[in-house]
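Computed from the coordinates by the stated procedures, all read-outs in this text should not be read as laboratory data. Nothing here was measured: the structure is a model prediction, and the numbers come from that model. No Cβ is skipped: glycine too gets one built from the backbone with ideal geometry, and neighbour counts run over all protein chains shown.
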Amino acid sequence: MKELALIISVCILSLTAIDKDSRVFKFSGTVTDESDGNVIEGFYIDVYEGNDIVDSPESDKKGRFVAELLAGSEYTLDIYLDGYYPKRIVVRTDVPEEIKKIPVFKFEVELIRKSDFESIEMVDPFATSIFDFPYVIFEWDTELEDFGYREAYTEHIKAKYAEVNDVR
């Protein structure tokens, strides 16, 4: 009886693996300091699918990283380094099945120094809470036939960042 249960489990897992989308898309980011535009090296990046870390790509000396993401899922990329606020990026990889391969999608990320906001946080510890939200949501754009960002969301977040910067 145990053998039959094991065989059934293996069959179900095999069918699930066959249904899973195996296309991989590469996302390449360059990380800079928001205040001076200089490249930041030595930062960390964790790639989450749901609540699970699925990758932690290395950063290079030119402030770059590459993440390989499977099609048909949603990922959160957390980019962080001591002394900076983490930057979160959401990537939705629901891509039409006929799209088999696309060029590496490249983007830039600016990290914000915590020291630039110390005086604000002493007065209002929640003033910088906007930095906890994803800064951008990348998803497939059928008109571009490439990944793009959700404009309305990003403009809203940029406006909130500007409000915090105005207080600074």
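Observations
- Max mean-square fluctuation residue, GNM over the chain, Cα-Cα springs under 10 Å, options 54, 123, 95: 123
- Within-14-Å neighbourhood charge of residue 125 [Cβ basis; K, R +1; D, E -1]: -3
- The slack in the chain from residue 154 to residue 127, taken as 0.36 nm per residue of separation less the alpha-carbon distance, amounts to 7.8 nm.
- Relative contact order, whole percent, for region 18-133 stands at 30, derived from Cα pairs under 8 Å and 6 or more residues apart.
- Full-extension gain in nm, residue 66 to residue 119, via 0.36 nm per residue minus C-alpha separation: 15.6 nm
- In nm, spacing of pseudo-spin labels at residue 51 and residue 142 (7 Å Cα→C-beta vector): 3.5
- Gain on full stretching of the segment that runs from residue 99 to residue 22 - 0.36 nm per residue minus C-alpha separation: 26.5 nm
- Label of the coordinate-derived value, log10 I(q)/I(0) by the Debye sum over Cα atoms at q = 0.08, 0.11, 0.18 Å⁻¹, listed as (i) -0.39, -0.56, -1.06; (ii) -0.32, -0.55, -1.17; (iii) -0.24, -0.45, -1.17: (ii)
- Helix 2-19 axis, angle to the chain major axis (alpha carbon atoms, nearest 10°): 60
- With the helix formula -39500 (n - 2.57) applied to DSSP H stretches of n ≥ 4, the chain reaches a computed 222 nm mean residue ellipticity of -8000 deg cm²/dmol.
- If you take all other residues with their beta carbon under 12 Å from the beta carbon of residue 36, and give Lys and Arg +1 and Asp and Glu -1, the sum is -3.
- Choice from 94, 36, 78 showing the highest fluctuation, given a GNM over the chain with Cα pairs closer than 10 Å: 36
- Label-to-label distance, nm, for residues given as residue 74 and residue 32 (7 Å Cα→Cβ offset): 3.1
- Helix 151-167 and the longest principal axis of the Cα set of the chain meet at an angle near 30°.
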